[in-house]
Every structure is written in C-alpha cells, then in structure tokens.
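Enquirer: Would you mind keeping the following structure in view while I ask a few things?
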Amino acid sequence: MRSNEFDNLILGLAEFVRRDGRYPYPELLRHALNKLALELTAVTYPRTLTGLLALLEKPVKTWYPGRLVPKEFDSDFGLLYEGVLSEEASRYLYEELLEKTKLSEFATTLTKQIAIENFQFQRILERLQELYNNDSEPERVQQEYVLLRLFLIENPYTTPAQLRKAFSTTRHISIQEVGELYDECEENEPCWNCDRCGPLFKKYGKLRGIKPSACNAHRQNLPFIRQITWKQGLRRLKFGIHLRICLPGIPEMRLFKALEEFQSKYSDELCAINLYPGIDRYDLQLRFCDQSTWAVDIKDYRSPYNLAPKLTPLFGEGDLRYDESFYVIPIQRLQQREDYIEILREQATKLPSSTHLLSDAVFEERVIHKIEQLREEK
Ligand SMILES: [Zn+2]
C-alpha cells in the first residue's frame, strides 16, 4: 500500500465528497488531517471546518509541505474546487492512485468502490486485448472495441434502448457491461451536457464541468450547452469513465475528423486512418500511399512537467510498425504556456528524439505537407 500521507488525504477527500460532506467524516480523512496538522509549517492549521475547506481550495504549493507533494501532482492546483475534488486531484486519484494500487490494498469500502468502478473499463480492455492476440478474427475484436470507445465518447448520456441498438450484435461486448459504465440518473434530475467537456453538474446554482482549466464557460444559454430531458432509464457516464475515456476522447475525435476530411479529398495519398489500432496501443495510425505509416498519440495535460513522465516510445510491433511517431498536444495548451514543447522535450527522458512533439495544428500541417509531396512525386 502506498502509505503516503498526501495520497491518504486525497483518498479521504474523495470519500468526503462522495458522501456530500455529510457527518461523520471518513476515518481516512480524519487520520490524514491529524497528520497534516502536525506537518503544516507554512500556514497555521485552520480552527473551523469552513477554514479548512477554504485552505484545501488554495494551490497546494502555497500551504502543503513541498517535500511531501508527489512529483506527479501539479501543485498549482488546490485539492478541492468549489466543494468537490479539483480537476488535478481527480486526475491524480484516477490516473496515479487507482491505476497503480492493487484493489486489495484499498483500506476502506468506499475507496474500493471507487477503484472497482475504475477497473470496469480496464477489465473490458484487457479481455479484448487478449482476444485480439489469440482470436481467429482480430479485425472483428478491433471493430467492436472502436465501437465501444466511440460510443462512450459520443454518448455521455444514454438509454437502455440506445444501448440495445448499438450492442445487440457485438460478439465480444455485452449490453449489460456497457450499461455498467453508466449511473442511472434520478427521476426528474436536471441533466446537462457540454459538447466540449461532457456531463455537467450543478454546484451552488451554477453548472460546472469536470475540467475547469480547459472548459469553464457553462452558462445555460451558450450554444454548446444542452439540457438532456429526463426519461425512464436515462444513464450518465460514471465519473471515472468520463474522466479517462470521454474527456480525452474529445480532442482525439477532433483530430480524427480533421484527418478524415483530408482523406476524403486525397484518398490516393492518405490511404487509411485507423482509430485506436491494436486495441488502443495508441490513438491514430495513418497509412500513406508510399507505404509509410505514422503513429499518433494525443495528450491533453495542462502542465508539461506532469505529462513528460508519461511519454514513452509508442508500441511498434507487427501491424503497428511505424516510420514516424508523434505525440500531439491540443494547441490551447501551448497558447497557455509558450515554452510547453521545450519543457516537454527536456523532461521526457524516456522518449527517443525521433518521436515528434507538436501541436494538433502543426500536426495537421505536416499531414498536408506530406500529401502535397506525394502528389508532386506522381
Ligand atoms: Zn465544458
């Protein structure tokens, strides 16, 4: 078990938020706060709960002992934001803690519950990967995986009828297991969706998204904000699936659709674009008419320091062999921070220098340039 005090504080807060801040406070949180009271030096430990909650909203680097903050956590963020886990605390919880800790090591039933939900998609993914490697028809397994993945990205809300329609003929994915990636909405619950960041929730009378650093304008009259009419059986993506699959899927789809448009015009040069090849070894594979292949993975992180340790060489064996590999960053991230790519290049020590690091806009230009080259050669 990672017994790190910081990790326990995050897990305790996750439980606290799940219980809507109701008394009694999770034991895990009380322990973590007792430890914190002893460690705090930069500020005095607040006397009231309100004071404590306000402190937890402040950037971690301004109050938490620096030597105890894990390097994977972006300490420009607080732990809470408007009374719920901050986007960075959620990311850290789902990507670092739940991913790397064994289920049996979670101390409490509630953290186990959060972890189990997170493993639901992972279990499907692992099963399909194994089938892909051993099954007699890997193309079908691949096709069904892409169907599932796109469904989760494009349908943050769904209904039993829609699930039945999409998955009635899949051989390797059951309707029921897809349904389990969603929570049932309560009767007449107001449900909202942002086309840019997925399901919204109401806090203090305002609509809130899952990633305020990237998308924070959610007034009800904006054209990309939609109210979803409640009906019997309406379901909303579980938080972890929204965070790990649906949200990263939005920039992935944006790039995919732009490339599809190039391909429809220049199908003689750009022959194929494959989504999530090899059951998600990376995001996109481009095949050109000169037999060259490009492999692309899209990463949307606010901080290049937190992204850098995640960048490893893309898998390139068998059908996934490639000539060029790319990590593509949504251009908004580079506009927020000018030296983003430089820092990333310097910090990504596990990455060979042949892997390109660039924005989605520059990547699209590269593709166009390659297409033009191929047309000239004819
Ligand atoms: Zn949004």
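The values are calculated or read from the model by the stated rules, or taken from the named source; none is laboratory data. Keep in mind that this is a model prediction, so the values were computed, not measured. In this analysis, Cβ positions are derived from the backbone assuming ideal geometry, glycine residues included, and neighbour counts consider all displayed protein chains. Areas reflect the complete protein model, heavy atoms only, side chains present, ligands, DNA and RNA absent. Shrake-Rupley method; radii C 1.70, N 1.55, O 1.52, S 1.80 Å.
Enquirer: Here are some residues: Ala161, Ala166. Which one is more than 18 Å from Ile241 (Cβ to Cβ), modelled with pLDDT of 95 or more and of a type in the set (A, V, I, L, M)? Before the answer, list the steps.
Expert: Working: Ala166 fails: more than 18 Å from Ile241 (Cβ to Cβ).
On inspection, the qualifying residue turns out to be Ala161.
Enquirer: Which residue is most open to solvent (accessible area, probe 1.4 Å), if the candidates are limited to the stretch 270-314 and must be touching a residue at least 24 places away in the same chain (Cβ under 8 Å) and charged (D, E, K, R)?
Expert: Arg281
Enquirer: Does the stretch 198-207 include one or more residues that are away from the ligand (no atom under 16 Å from the Cβ) and either at pLDDT 90 or above or open to solvent by less than 30 Å² (accessible area, probe 1.4 Å) (or both)?
Expert: no
Enquirer: Here are some residues: Glu95, Glu72. Which one is within 22 Å of the chain's Cα centre (by Cα) and not in a helix (DSSP H, G or I)?
Expert: Criteria check complete, one pass: Glu72.
Enquirer: From the list Leu148, Leu110, Leu97, Leu93, which one is out of contact with any Cys (no Cβ under 8 Å at 6 or more places or on another chain), aliphatic (A, V, I, L, M) and surrounded by fewer than 20 Cβ atoms within 10 Å (Cβ to Cβ)? Break it down into steps so the answer makes sense when it comes.
Expert: Working: Leu148 fails: surrounded by fewer than 20 Cβ atoms within 10 Å (Cβ to Cβ); Leu97 fails: surrounded by fewer than 20 Cβ atoms within 10 Å (Cβ to Cβ); Leu93 fails: surrounded by fewer than 20 Cβ atoms within 10 Å (Cβ to Cβ).
Going through Leu148, Leu110, Leu97, Leu93 in turn, just one is out of contact with any Cys (no Cβ under 8 Å at 6 or more places or on another chain), aliphatic (A, V, I, L, M) and surrounded by fewer than 20 Cβ atoms within 10 Å (Cβ to Cβ): Leu110.
Enquirer: Please specify each residue of the stretch 174-232 satisfying the condition of being hydroxyl-bearing (Ser, Thr, Tyr), in a loop (DSSP other than H, G, I, E, B) and farther than 30 Å from Asp76 by Cα.
Expert: If the condition is that a residue be hydroxyl-bearing (Ser, Thr, Tyr), in a loop (DSSP other than H, G, I, E, B) and farther than 30 Å from Asp76 by Cα, then Ser174, Thr229 are the ones that fit.
Enquirer: If you don't mind, there's one more thing I want to ask. Being open to solvent by 40 Å² or more (accessible area, probe 1.4 Å) and polar (S, T, N, Q) is the filter here, so list the residues in the stretch 317-356 that pass it.
Expert: If the condition is that a residue be open to solvent by 40 Å² or more (accessible area, probe 1.4 Å) and polar (S, T, N, Q), then Gln332, Gln335, Gln336, Gln347, Thr349, Ser353, Ser354 are the ones that fit.
Enquirer: Residue by residue through the stretch 219-249, note down the ones that are crowded, with 20+ Cβ neighbours inside 10 Å and within 11 Å of the ligand (Cβ to nearest atom).
Expert: Leu247
Enquirer: Give me the pairs: first residue in the stretch 173-187 and in the same structural domain as Gly198 (by TED's automatic domain parsing), second residue outside any loop (DSSP other than H, G, I, E, B) and exposed (fewer than 13 other Cβ atoms within 10 Å of the Cβ), beta-carbon distance under 8 Å, and six or more apart or on different chains, which are they?
Expert: Cβ pairs passing all conditions: Ile175/Arg164.
Enquirer: Now, a different point. Residues being open to solvent by less than 20 Å² (accessible area, probe 1.4 Å) and more than 16 Å from the ligand (Cβ to nearest atom): count how many of those fall in the stretch 250-264. Before the answer, list the steps.
Expert: So the first thing to find is which residues in the stretch 250-264 are open to solvent by less than 20 Å² (accessible area, probe 1.4 Å), and the list is 251-253, 255, 259.
Right, trim to more than 16 Å from the ligand (Cβ to nearest atom) and you get 252, 255, 259.
Qualifying residue count, the stretch 250-264: 3.
Enquirer: Yes or no: Glu96 of a type outside the set (Val, Ile, Thr) and outside the structural domain of Trp230 (by TED's automatic domain parsing)?
Expert: So Glu96 passes the test.
Enquirer: So, of the residues in the stretch 168-179 that are out of contact with any Phe, Trp or Tyr (no Cβ under 8 Å at 6 or more places or on another chain) and buried (at least 16 other Cβ atoms within 10 Å of the Cβ), which turns out to be farthest from Pro138 (Cα to Cα)?
Expert: So the first thing to find is which residues in the stretch 168-179 are out of contact with any Phe, Trp or Tyr (no Cβ under 8 Å at 6 or more places or on another chain), and the list is 168-172, 176-177, 179.
This time we only want the ones that are buried (at least 16 other Cβ atoms within 10 Å of the Cβ), so: 170, 172, 179.
Working: Thr170: 13, His172: 11, Gly179: 24 Å.
That would be Gly179.
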